[in-house]
Amino acid sequence: MKAIIATWPFGLKAVESGWRILKNGGSALDAVEASIREIENDFSNRSVGLGGYPNIAGFIELDAAIMDGSTFRAGSVAAVRNVQNPISLARKVMENTPHVMIVGEGATKLAKIFGLYVEKVDLQPEARMEWERRLKAALSAPQQEGSINFWMKMVAEGRYNHDTIGCVAIDDNKNIVAGCSTSGYAFKLVGRVGDSPIIGSGLYANSFGGAAATGLGENIMVHNVSRKVVDFIEHGLPADEAAEKTVQYLLKIGKRIDHISFVSLDKDGLFGAGTTEESFEFAAMSDVFSEPRLLKVEKGARLRL
Ligand code: ASP
């Protein structure tokens, strides 16, 4: 059974775009890339792509990755600047280099080679205003000489200002692909990288299932959340139960677990989601749900359709 699932209400647009490809016999790889590009190309989105909030220095640094579960090929870019579609750059890393992950300046250079480089990047007016406002507040706060506290205060305040487009799809050939893309933690330190481009943390796929995460990257990455979900699927649980088990595991651990959400999909085309927040909304389409559906899962609970 074909299916596609994506994080957050903005995932509705993403799954529609990916579904058009799956429906016409296209691959999960093309569907996931197209879904994510749809959101990257929406400059009104403040947490994905070049419309996103910048880092503390006012530059947009993007993270993205894609993983093909049938071949275990993966591509990832982190802290890359001047790229509108980092997911496509991640795919280029996967298909055209011997590497899995390229960061920073090297990724930007690669973008030039693959025609994905954008010369001039202007912050969206609202993103610029917000960055300037926070910078002014940080700089006008009482300072101690030689202290970096005001920077840390500004960074700490961005803590919950972020989201990721995470997407997982399965095609007619039962190939499962996971991908994600984000501008990351708003007003982060220069060079900060979250979970999204890290295989096993922000995303994972194999022939049993796939998962993609969103939330506070610092927490998601220490628990390897996506790999954890797929482990449960691999051990025989359907995607919704695997999601529930993963959240129960996180709640049991009880440390560094706030703001973790994810979507999951298994080889039978069943999907699920989990969250350590009160609730989490995501979008899905499949052979059974041929209209885009916005669904919600409650903290610690199994998805009810
Ligand atoms: N996980 C992303 C990051 O930490 C942001 C998010 O999904 O909310 O960069």
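For the reader, a short list of remarks on this structure follows.
- Count - residues of segment 28-59 that are over 21 Å from Phe187 (Cβ atoms) and either of a type in the set (Val, Ile, Thr) or surrounded by fewer than 18 Cβ atoms within 10 Å (Cβ to Cβ) (or both): 4
- Hey, Leu50 within 16 Å of the ligand (Cβ to nearest atom), hydrophobic (A, V, I, L, M, F, W, C) and touching a residue at least 12 places away in the same chain (Cβ under 8 Å) or not: yes
- Of all residue pairs spaced 6 or more apart or on separate chains, those with beta-carbon atoms under 6 Å, a first member in segment 1-30 that is modelled with pLDDT of 95 or more and a second member that is within 16 Å of the ligand (Cβ to nearest atom) and assigned to a loop (DSSP other than H, G, I, E, B) are Trp8/Asp163.
- Filter result for Phe232 (under 23 Å from Val32 (Cα atoms), within 16 Å of the ligand (Cβ to nearest atom) and touching a Ser or Thr at 6+ places or on another chain (Cβ under 7 Å)): no
- Taken across segment 5-27, residues that are closer than 15 Å to His162 by Cα, part of a loop (DSSP other than H, G, I, E, B) and among the hydroxyl-bearing types (Ser, Thr, Tyr) do not occur at all.
- Breaking point among (1) surrounded by fewer than 24 Cβ atoms within 10 Å (Cβ to Cβ); (2) over 15 Å from the mean Cα position of the chain (by Cα); (3) part of a helix (DSSP H, G or I), for His99: (3)
- Within segment 76-93, the set of residues being within 9 Å of Ala64 (Cβ to Cβ), among the aliphatic types (A, V, I, L, M) and touching a residue at least 40 places away in the same chain (Cβ under 8 Å) comprises Val77, Ala78, Ile87, Ala90.
- Between Ala138, Ala65, the distinction of being modelled with pLDDT under 95 and either under 18 Å from Thr182 (Cβ atoms) or in contact with a helix residue (DSSP H, G or I) (Cβ under 9 Å, 6 or more places away or on another chain) (or both) belongs to Ala138 only.
- Test result for Asp240, touching a Lys or Arg at 6+ places or on another chain (Cβ under 6 Å), farther than 27 Å from Gly49 by Cα and outside any strand (DSSP E or B): yes
- Members of segment 179-221 that are acidic (Asp, Glu) and either within 15 Å of Ala243 (Cβ to Cβ) or surrounded by fewer than 21 Cβ atoms within 10 Å (Cβ to Cβ) (or both): Glu218
- With respect to (1) of a type in the set (S, T, N, Q); (2) within 26 Å of Val77 (Cβ to Cβ); (3) surrounded by fewer than 24 Cβ atoms within 10 Å (Cβ to Cβ), the lone exception for Gln248 is condition (2).
- As a summary of the residue check, Arg73 satisfies the conditions (1) out of contact with any strand residue (DSSP E or B) (no Cβ under 7 Å at 6 or more places or on another chain); (2) in contact (Cβ under 8 Å) with a residue 60 or more places away in the chain except for the one numbered (2).
- Applying the condition of being more than 16 Å from the ligand (Cβ to nearest atom) and either not aromatic (Phe, Trp, Tyr) or not in a loop (DSSP other than H, G, I, E, B) (or both) to segment 68-82 and asking which residue is surrounded by the fewest Cβ atoms within 10 Å (Cβ to Cβ) yields Thr71.
- Some residue of segment 29-38 being of a type in the set (Asp, Glu), away from the ligand (no atom under 16 Å from the Cβ) and touching a Ser or Thr at 6+ places or on another chain (Cβ under 6 Å): yes
- Residues satisfying the stated conditions in segment 188-216, i.e. within 10 Å of the ligand (Cβ to nearest atom) and either free of Cβ contacts under 8 Å to residues at least 40 places away in the same chain or of a type in the set (Asp, Glu) (or both): Asp195, Ser201
- Meets criteria (more than 13 Å from the ligand (Cβ to nearest atom), under 17 Å from Gly272 (Cα atoms), at pLDDT 95 or above and aliphatic (A, V, I, L, M)) for Ala178: yes
- Residue in segment 247-260 that is assigned to a helix (DSSP H, G or I), within 16 Å of the ligand (Cβ to nearest atom), more than 17 Å from the chain's Cα centre (by Cα) and under 25 Å from Glu157 (Cα atoms) present: yes
The values are calculated or read from the model by the stated rules, or taken from the named source; none is laboratory data. Only a predicted model underlies this, so the values are computations on that prediction, with no experimental measurement involved. Every residue, glycine among them, receives a Cβ derived from its backbone with ideal geometry; neighbour counts consider all protein chains shown.
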